[in-house]
Amino acid sequence: MKAGLIAREFDVAGRLVTVENTGEGNVNDTYLAVFRTTFSEERFILQRINRKVFPNPAYIMENMRVFTEHVHRRLEDEATRSDRIWQLPRIIPAKDGQDFVLDGDGEYWRAISLIASAHSYEQVQSIEHAHEAGFVLGHFQRVISDLPADKLHDTLEGFHITPCYLANLDASLQTDVGQERLKSSIEAERCHRFIEERREWCSILEDAKAAGKLNLRPVHGDPKISNIMIDDATGKGTCIVDLDTVKPGLIHYDFGDCLRSCCNPAGEEVLDLNRVLFDTDLCEAIVRGYMAQAQDFMTDADREYLFDSIRLIAFELGLRFFADFIAGDVYFKTRFDGQNLNRARVQLKLTESIERREKQIRQVLEHC
Ligand code: GN1
Ligand code: MG
């Protein structure tokens, strides 16, 4: 259904001016809606939740309520001691009072407030930016560290369980389409070999969880650089957005994802693979920012797995993009043929760079 019609279903003052697709995000469809009255303007994010990915969109909104209420309380408690004004996205209810609008095609739409005077970036801009990314993630994990994980639904089963992604790839490779796609290029076969060589290792975090060394806690799930909002006025982080995957998980998924995203200055979509590398100076800045907040909740066992989490989440995203290429591009949105294969090559090249710099990265982790 048309986004313009849906936008009018939400409880916003004034008349609709525009609704434009932002083109951002690999999963949901995201629009910016603008409403005006004679004296004011309200802009908000309108999103159609991808039901192929999220089987129960209502869970996402319930989690968002629980999460934002908890964090709001924590921010209020700490406001006078804080070095900045932290912001939070707010759910804009529909006119019927619900947290989403269900359209005639059975699609779920939700409206979320914009974060004031702030921007995010697809690639890290500077050492200071990297430090802020780490600080924002550490702050996020700290203020939800006292929210019991069982208060949150599992919005996406299997998310960040690396061996499950490998099993999906194995299944797709059994099909004719899968075999055809695998044999379509040398690059695809190379990615496959790279993944095979890491098959045994890739259950490292899940094994530690099963052994009781690492425990489930609330996590963000997707703290990539483009989800971290930087205040236009101060240059400081002010919020982390995209709360669809806030759910029980390992804090390592977040730590690894933040580092794999922020330490590759070339970004996820770069076509020139020579530009992909893991920058250890950026890594140090992020880890310093993160640890300034994480001291409060980080255990010795958590620390043991920090390096592996960086290597693993880069590898896992490469595996996920590759598995989707082999399956025929059914999960991540693509704009051109082979985009998921290119994305996979970027993340696997980054994994290789992380492996080559293991010693330096471990030193950074020890000293921060
Ligand atoms: C997806 O939809 P978006 O762009 O926020 C994906 C993340 C990946 C990310 C890579 C639910 O996030 O796990 O890290 O792409 N989200 C889901 O850019 O699969
Ligand atoms: Mg996301």
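What follows is calculated from the coordinates using simple rules that are stated; it is not laboratory data. Note that the structure is predicted; figures quoted are calculated from it, not measured. Ideal geometry is used to build each Cβ from the backbone, glycine not excepted, and the neighbour counts take in all protein chains shown.
Using the Cα centre as the reference, give the magnitude of the dipole from point charges on the C-beta atoms of the range 2-114 (Lys, Arg: +1; Asp, Glu: -1; all else neutral), rounded to the nearest 20 debye.
My answer is approximately 100 debye.
Lys/Arg Cβ at +1, Asp/Glu Cβ at -1, dipole of the chain taken about the Cα centre: which of 13, 163, 237 is farthest positive-ward?
13
Sorted from fewest to most neighbouring beta carbons within 10 Å, what does the list 279, 272, 254 look like?
Starting with the residue having the fewest Cβ neighbours, the order is 272, 279, 254.
Between 318, 23, 178, find the one with the highest GNM mean-square fluctuation for the chain; connect C-alpha pairs within less than 10 Å.
23
If you stretched the chain out fully between residue 366 and residue 123, how much longer would it get, using 0.36 nm times the residue separation minus the C-alpha to C-alpha distance?
Extending this stretch completely gives an extra 84.9 nm.
If a paramagnetic tag sat 7 Å from the Cα of residue 234 along the Cα-Cβ line, which residues of the range 292-309 would have the backbone N under 19 Å from that point?
292-294
Sort 144, 186 so that the residue with the fewest other Cβ atoms within 10 Å of its own Cβ comes first and the one with the most comes last.
Fewest-to-most Cβ neighbours within 10 Å comes out as 186, 144.
Pulled fully out, how much extra length does the chain show between residue 164 and residue 38, if you take 0.36 nm times their separation in residues and subtract their Cα-Cα distance?
40.0 nm
So what's the projected area for the range 225-368, the Cα convex hull averaged over all directions, in nm²?
If I average the Cα hull's projected area over directions, I get 9.8 nm².
Please state, rounded to one decimal and in Å, the Kirkwood hydrodynamic radius that the range 112-223 gives when every pair of distinct Cα atoms enters the mean of 1/r.
Computed over Cα pairs of the range 112-223, the Kirkwood hydrodynamic radius comes out at 18.0 Å.
Let's see if you can work this out: charge +1 on each Lys and Arg Cβ, -1 on each Asp and Glu Cβ, no other charges. What is the dipole magnitude of the chain about its Cα centre, in debye to the nearest 20?
For the chain, the charge dipole is close to 240 debye.
Between the range 1-34 and the range 287-321, what's the alpha-carbon centroid distance in Å?
Computed from Cα coordinates, the inter-centre distance equals 35 Å.
Relative contact order, percent, of the chain when contacts are C-alpha pairs under 8 Å separated by at least 6 residues?
The value is 19 percent.
When 1/r is averaged over all different Cα pairs and the result inverted, which Kirkwood radius in Å belongs to the range 250-313?
Evaluated on the range 250-313, it is 12.5 Å.
Take the chain, connect every pair of alpha-carbon atoms lying under 10 Å apart with a spring to form a Gaussian network, then pick out the residue of 290, 253, 108 with the largest mean-square fluctuation.
Comparing 290, 253, 108 in the GNM, the peak value goes to 108.
Say each of residue 105 and residue 76 gets a label point 7 Å from the Cα, pointing the same way as Cα to Cβ; how far apart are those two points in nm?
If labels sit at residue 105 and residue 76, their model points lie 4.0 nm apart.
Springs between alpha-carbon pairs under 10 angstrom, Gaussian network model over the chain: which of 353, 82, 309 fluctuates most?
82
Whole percent per 20 Å bin, from 0 to the bin with the longest distance: what is P(r) over all C-alpha pairs of the chain?
Cα pair-distance distribution for the chain, in percent: 28, 59, 12, 0.
Quick one: pull the percentage of alpha-carbon pairs in the range 2-114 with a separation above 20 Å.
46 percent
Excluding residue 234 itself, calculate the net charge of residues whose Cβ lies under 14 Å from the Cβ of residue 234, where each Lys or Arg counts +1 and each Asp or Glu counts -1.
-3
Sequence neighbours fewer than 8 away in the same chain don't count; with that in mind, list the aspartates and glutamates whose C-alpha is under 20 Å from residue 95.
9, 11, 41, 42, 62, 103, 105, 107
List the residues, sorted by chain then number, that are 5 or more residues from residue 118 or on another chain and whose placed amide H is less than 5 Å from its amide H.
So residue 118 has HN proximity to 232.
Suppose a student asked you for the relative contact order of the range 2-114, using Cα pairs under 8 Å spaced at least 6 residues apart; what percent would you report?
Computed over the range 2-114, the figure is 27 percent.
Pick out, in residue order, every one of the GluC sites (Glu not before Pro) in the range 172-240 that is DSSP loop and has at most 13 other C-beta atoms within 10 Å; say none if there are none.
The qualifying sites are 197, 200.
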